[in-house]
Amino acid sequence: MSNSNSSVEIRDLDLHFGEVKVLQKLNLDIKEGEFLVLLGSSGCGKSTLLNCIAGLLEITDGQIFINNQNVTWKEPSERGIGMVFQSYALYPQMTVEGNLSFGLKNARMPKDEIARRISNAADILQIQPLLKRKPAALSGGQRQRVAIGRALVRDVDVFLFDEPLSNLDAKLRTDLRVELKRLHQRLENTMIYVTHDQVEAMTLADRIAIMKGGKIMQLGTPDEIYNRPQNLYVADFIGSPSMNFFKGHLKGNTVEAAGITMPMDGYEFADNQDNAGEVTIGIRPEHLITGELASKAPVKSSVTVELVEPMGSDTLVYAALNGNQMRIRMEGNARVQAGDNLAIGIDPSRASLFDSATELRL
Amino acid sequence: MVDVSTSMLEGPRGPKPGKALSRKNIFLYGTLLIVTIYYAIPLYVMVVTSLKGMPEIRMGNIFSPPMEITFAPWVKAWSEACTGLTCEGLSSGFWNSVKITIPSVLISIVIASVNGYALANWRFKGADIFFTILIFGAFIPYQVMLYPIVIMLREIGLYGSLGGLVLVHSVFGMPILTLLFRNYFSSLPEELFKAARVDGAGFWGIYFRIMLPMSVPIFTVAVILQVTGIWNDFLFGVVYTGPDAYPMTVQLNNIVNTTQGVREYNVNMAATIITGLVPLSIYFVSGKLFVRGIAAGAVKG
């Protein structure tokens, strides 16, 4: 059926709402203890996939295994999952304690065991003083902690998070992100986490699945996703500010794009085929070399600065390379002004090459 | 510095003063006053007349307060006035109405709330068609169904009894109440329902432990709608029950529309007020909840 150390397996999952195909032939293997992030813009099917795993949506075709058990026809409560929602979804008329115990009471667990689990979860999440309060009397961060606690007390194998931090303000989001990572390190449970925030995805994930139109565009570690995007969509989606793209021509080992010639020494081609034809080269704004080091880079050129956005920690420069718009990320103390001529260097080994027609990485 | 602060003192500051007697206010409050009088005067006449004796009424000053207050018309309306063959006043009708209203309200609300909950949260196959048919029922004029229902009630042996009328009221309350409950339950966050399912609660567990405690406003609305609707019903009462089981409204009609003897206006007025007292008091007790529930049922999110 499957290899023993996989925690969640999804086989040929289809989900259609009438004529709309939300998920198509989707396959996914999640290892035990892995933190997997489903990342994508809204409407890509990531939350839908999570709801399918939870059993909250009836699937059209395919199978779902959790802990090597076929749970395709099981009720959500029988799947060994706990779920945390974006709106927290705490039961407003119950106290925090009532919220935590609701699932356990439904499972007819003995009272002392319930009490033990609640106090254990409350210790981990530091919500011990809040147990007698109603959700309305809690702050956003506290509510989300209770929501996590509700999954925690059930002692499940798999945690599902549906954009749990999206309703929080920026500061709290960062704090809770770190807490979530700590929690994962401590519990070592499998966690599946849906988000549209790439910072959350990059910081939390062991692996990221980037989704678009009900399909997984790339599944890989944050490092792979960032440095070796498999297609143009992933390359464009990940990274803020996003990657610079130039259309050009590849012949042998040399790319001509944006009016400059770049020998692609050091670039790892995906295969050893004869690479030639129309290509798109992508270079991250932070991989453009400026300052003194620019003169030592393998490929050198110069650009005209059009706009400068100082952001404190770094400076974002909008410039034109032979008439092609591009973004360059420089250090925060860089002194540049609109109209300046800026020497830049490009390291081809850090660039990404895509076939213009198939949009796949070369 | 000094200049700045003085110029700040001189300019407009704080809330903009409004004129108490602006044209807008006169129009607004004038309209409200006229409408209030329009609605209050009949009530005033009723109360005043019901407290007068017949000689005083014959003097013809319907707006003047009673010279001599008497409660005899109220007593007569309640326990002595003739309603058709018997002369026992409205009291038996009152208890009939209570016996009709309470079960009808309870049955219709219990069933409709479960209907609405199932339609909103458990999307079963054919739910949309079921809902459309149910709502369509709300637009069929009652008169069309009067006679078919007489036959149906006769066939199941409930014609002429309180039970038959309770059944009719419960069924006829279904479309509008189901719509009301469905919309309210749809407006509750869907994630709560999902969370409860993950927590292992079933159909009834979610209904009783999650949904019901959050639905007090909409239940209040439903109770008010049903109590006033059923209590004030005349048509079904007169068609589907016999003289023994006539509800209060039918007996009121019999008192007021009697063609024999003297027209006792004071008794008529008292009887009418007594009949209207139940819906009126429901509004007074739960008016605030009613408004909140209507708003909650209408606004999504």
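Rundown of residues vs (1) under 20 Å from residue A:229 (Cα atoms); (2) surrounded by 15 or more Cβ atoms within 10 Å (Cβ to Cβ); (3) in contact (Cβ under 8 Å) with a residue 40 or more places away in the chain, yes/no style:
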{"residue": "A:259", "(1), (2), (3)": "no, no, yes"}
{"residue": "A:278", "(1), (2), (3)": "yes, no, yes"}
{"residue": "A:298", "(1), (2), (3)": "no, yes, yes"}
{"residue": "A:304", "(1), (2), (3)": "no, no, no"}
{"residue": "A:312", "(1), (2), (3)": "no, no, no"}
{"residue": "A:327", "(1), (2), (3)": "yes, yes, yes"}
{"residue": "A:342", "(1), (2), (3)": "no, yes, yes"}
{"residue": "A:347", "(1), (2), (3)": "yes, yes, yes"}
{"residue": "A:352", "(1), (2), (3)": "yes, yes, yes"}
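Here's the yes/no breakdown for (1) outside any loop (DSSP other than H, G, I, E, B); (2) out of contact with any Pro (no Cβ under 6 Å at 6 or more places or on another chain); (3) modelled with pLDDT under 90:
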{"site": "A:328", "(1), (2), (3)": "yes, no, no"}
{"site": "A:336", "(1), (2), (3)": "no, yes, yes"}
{"site": "A:339", "(1), (2), (3)": "no, yes, yes"}
{"site": "A:342", "(1), (2), (3)": "yes, yes, yes"}
{"site": "A:349", "(1), (2), (3)": "yes, yes, yes"}
{"site": "A:354", "(1), (2), (3)": "yes, yes, no"}
{"site": "A:357", "(1), (2), (3)": "no, yes, yes"}
- Residue check for residue A:295: at pLDDT below 90 and in a strand (DSSP E or B): no
- Task: Only residues that are surrounded by fewer than 20 Cβ atoms within 10 Å (Cβ to Cβ), aromatic (Phe, Trp, Tyr) and within 14 Å of residue B:169 (Cβ to Cβ): list them for segment B:206-235, please.
- Result: B:234
- Taking only segment A:105-146 into account, find how many residues are outside any helix (DSSP H, G or I) and under 22 Å from residue A:183 (Cβ atoms). 6
- Out of (1) outside any strand (DSSP E or B); (2) surrounded by fewer than 20 Cβ atoms within 10 Å (Cβ to Cβ); (3) under 22 Å from the mean Cα position of the chain (by Cα); (4) not basic (Lys, Arg), what's the single condition that is false for residue A:44? (2)
- Item | Subset of segment B:165-205 [closer than 27 Å to residue B:102 by Cα, surrounded by 21 or more Cβ atoms within 10 Å (Cβ to Cβ) and in contact with a Lys or Arg (Cβ under 9 Å, 6 or more places away or on another chain)] | B:166
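Quick one: which helices (runs of 4 or more DSSP H) lie wholly within segment B:128-213 and hold at least 3 residues that are away from every other protein chain (no Cβ under 14 Å) and either of a type in the set (A, V, I, L, M, F, W, C) or without any contact (Cβ under 8 Å) to a residue 12 or more places away in the chain (or both)?
The qualifying helices (runs of 4 or more DSSP H) are B:142-155, B:162-187.
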- Only one of B:156, B:102, B:149, B:140 is closer than 25 Å to residue B:252 by Cβ, assigned by TED's automatic domain parsing to the domain that holds residue B:242 and surrounded by fewer than 17 Cβ atoms within 10 Å (Cβ to Cβ), namely B:102
- Note on the structure: Of the listed residues (A:270, A:297), the one being among the small types (Gly, Ala, Ser), under 21 Å from residue A:361 (Cα atoms) and out of contact with any helix residue (DSSP H, G or I) (no Cβ under 6 Å at 6 or more places or on another chain) is A:270
- Message: Looking at segment A:83-104 only, could you name the residues that are within 9 Å of chain B (Cβ to nearest Cβ) and farther than 25 Å from residue A:169 by Cβ?
- Response: A:93, A:94, A:102, A:103, A:104
- Task: Go through segment B:149-167 residue by residue and tally those that are of a type outside the set (Phe, Trp, Tyr) and under 13 Å from residue B:236 (Cα atoms).
- Result: 11
- Message: With modelled with pLDDT of 90 or more and farther than 30 Å from residue B:176 by Cβ as the only criterion, which of B:70, B:101, B:49, B:86 stands out?
- Response: B:49
- Kindly indicate whether residue A:120 is exposed (fewer than 15 other Cβ atoms within 10 Å of the Cβ) and either more than 14 Å from chain B (Cβ to nearest Cβ) or over 13 Å from residue A:146 (Cα atoms) (or both). yes
- Note on the structure: Within segment A:36-70, residues more than 14 Å from chain B (Cβ to nearest Cβ), more than 15 Å from residue A:163 (Cβ to Cβ) and not acidic (Asp, Glu) come out as A:59, A:60, A:62, A:63, A:64, A:65, A:67, A:68, A:69, A:70
- Item | Unique residue being part of a loop (DSSP other than H, G, I, E, B), closer than 15 Å to residue B:269 by Cα and outside the structural domain of residue B:272 (by TED's automatic domain parsing) when the list is B:77, B:81 | B:81
- What's the number of the condition residue B:105 fails, among (1) closer than 30 Å to residue B:194 by Cα; (2) among the β-branched types (Val, Ile, Thr); (3) touching a residue at least 40 places away in the same chain (Cβ under 8 Å)? (1)
- Note on the structure: Checking B:221, B:262, B:285 in turn, the sole residue that is at pLDDT below 90, away from chain A (no Cβ under 13 Å) and not in a helix (DSSP H, G or I) turns out to be B:262
- Item | Condition broken by residue A:248, with the remaining ones in (1) touching a helix residue (DSSP H, G or I) at 6+ places or on another chain (Cβ under 6 Å); (2) assigned to a strand (DSSP E or B) satisfied | (1)
- Task: For segment A:213-231, enumerate the residues that are over 20 Å from residue A:35 (Cα atoms) and either buried (at least 18 other Cβ atoms within 10 Å of the Cβ) or β-branched (Val, Ile, Thr) (or both).
- Result: A:214, A:230, A:231
- If you go through segment B:81-94 one residue at a time, do you hit one that is over 30 Å from residue B:190 (Cα atoms), aromatic (Phe, Trp, Tyr) and touching a helix residue (DSSP H, G or I) at 6+ places or on another chain (Cβ under 9 Å)? yes
- Conditions (1) part of a helix (DSSP H, G or I); (2) away from chain B (no Cβ under 12 Å); (3) among the hydrophobic types (A, V, I, L, M, F, W, C); number of the one not met by residue A:73: (1)
- Does residue A:51 count as in contact with an Asp or Glu (Cβ under 9 Å, 6 or more places away or on another chain) and on the phi > 0 side of the Ramachandran plot? no
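Looking only at segment A:27-47, filter to residues that are hydrophobic (A, V, I, L, M, F, W, C) and out of contact with any helix residue (DSSP H, G or I) (no Cβ under 7 Å at 6 or more places or on another chain); which one of those is nearest to residue A:199 (Cα to Cα)? Walk me through how you get there before you give the answer.
So in segment A:27-47, the residues hydrophobic (A, V, I, L, M, F, W, C) come out as A:28, A:30, A:35-39, A:44.
Retained after the next criterion (residues that are out of contact with any helix residue (DSSP H, G or I) (no Cβ under 7 Å at 6 or more places or on another chain)): A:28, A:30, A:36, A:44.
Working: A:28: 22, A:30: 21, A:36: 14, A:44: 18 Å.
The extreme case among them is A:36.
Residues to consider are B:270, B:296; find the one that is at pLDDT below 85 and either assigned by TED's automatic domain parsing to the domain that holds residue B:65 or not acidic (Asp, Glu) (or both).
B:296
The values are calculated or read from the model by the stated rules, or taken from the named source; none is laboratory data. The structure presented is a predicted model; accordingly, all values stated were derived computationally and were not measured. Please note: Cβ atoms are built from the backbone with ideal geometry, for glycine as well, and neighbour counts cover all protein chains shown.
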